[in-house]
Amino acid sequence: MGSVNIKKLALELNLSAATVSRALHDSYEISTETKQRVWALAKALNYQPNHFASNLRQQKSMTIAVIVPEVANNFFSQAINGIEEIARLHDYHVLIYQTHESTEKEIALIKRLLSGRVDGILISVASNANDSEHFKELITQLPLVFFDRLYEDIEAITVTTDDYESAFNATQHLVDCNCKKIAYLQALNNLSTGKKRLAGYLDALKNNGIISDEALIIKNCDDENKNYEQVKGLLITHKPDGIIASIEDLALPCYYACNDLNLNIPADVKIVSFSNLKTAPLLKPSLTTITQPAFQIGKEAATILFSVLNKKDIQPNETKVLKSTLMIRESTGMG
C-alpha cells in the first residue's frame, strides 16, 4: 500500500480534504461524530501526518513550550506528563524550559520564543517574580496559559489549585490534633500562590482564637543548609508543636532537624507539607501532605491552550481552580 495522505482518507470517507484536515486537528467546526470517523480510519490505515508540508501551509510550528521553575520538582514533572498527554492527541511537540526560579531567564526565554518557534506557551512563573510587564506584551502576541503560579495583576487564562483553602484546612487539621503553637515555613512570597497559602494559615489560627506570632513564620531561602539551620533554630528557640511547610523542599529539613535534636514526630512536633512526593508514605514517620492534582492541572492547562489555538470559545481571563487533597499520615499522629 502507498503512503496514506489526507486525500486518500477523504476519498475513503466521502468527505472533502479540508474537512478531514480540520477533523485531524480537532477543529471546533467539525462534529464529534465526523472526527471519530476520521480518527478511526487514520489509525486503521496508519496515517502519518506530514508535519513539514502542513507547517508550511499553516505557518504553524506544531510545537508548544512549557516553562517551569524546575523539572526535578515532583509537582512540575507530573504536570508536564499531563501536558504531554494532551499535546500527543493534537500531534504537537512539547519543548520544556527551566527558569531555575530566575525571572531574568524567564524573560530571555520568552523573547526567544516570540520568534515563531512555538504556537503557544504554558508557564508556571519563577518564585522571585516581581514585574509582570514582559507578560503583558506576550499575551497580545502568543496564546498563553498560566498554571499553578501566576501574577495577580494580569488578565490571563489560569489553572490553579485552592491554595487558600488547602492551607486553611492543613492548619485546622493541626489544631484538631491539639497543636497550640503552629509554625509556618513560608515560600513563594511574591506570588499569589504563596500569599494565599499564608492567608489560609493566618485565618485558620484566627478562626480558632490563636494569636499569630511572627517569630513562628520562617521565610524560605535558596540555600538548603540555611533552611535547615532556620528550622533547627525555630525548634530550639520557640518549640512549636506543629509545622506547616508551604513547599515540598521545606519538609525534609524538618525531619533532619527533629532527628538531630532528638525530637519525636509526631509526639513532640507534628508536620504537614504541601508536597507531591511519591516517597511521602515511605518516610519514617510517613508525611501528612497537601497533595495537588498536578497531572490534572497539566492536562487542564494544555486542553485550554489547544482550545485557544483551535479558536474555540475561551474567555481571555478564564480561571480554573482544582482541589488539592489533605493526605493524613503518621507525621500528624493520625495516619
On C-alpha positions alone, give me the angle between the axis of helix 294-309 and the longest principal axis of the chain, in degrees, nearest 10.
40
Cut-off is 10 Å between beta-carbons; in what order do Leu15, Leu287, Leu41, Leu282 appear when sorted fewest neighbours first?
Leu282, Leu41, Leu15, Leu287
Along the three principal axes, how long is the range 86-190 when you take its alpha carbons, biggest first, rounded to the nearest angstrom?
56, 33, 25
If Arg149, Arg88, Arg37 are placed from fewest to most neighbouring beta carbons inside 10 Å, the sequence is Arg88, Arg37, Arg149
Sorted peptide list for 268-276, 138-146, 321-329, criterion being average Cβ within 10 angstrom, highest first:
268-276, 138-146, 321-329
The chain: relative contact order in percent, alpha carbon pairs under 8 Å with at least 6 residues between
18
Determine the relative contact order of the range 200-335: mean sequence separation of Cα pairs under 8 Å and six or more apart, normalised by residue count, in whole percent.
21
If you average the sequence gap of Cα pairs under 8 Å that are 6 or more apart and divide by the length of the range 132-173, what percent do you get for the contact order?
32
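No value in this document is a laboratory result; all are computed from the given coordinates. Nothing here was measured: the structure is a model prediction, and the numbers come from that model. In this analysis, Cβ positions are derived from the backbone assuming ideal geometry, glycine residues included, and neighbour counts consider all displayed protein chains.
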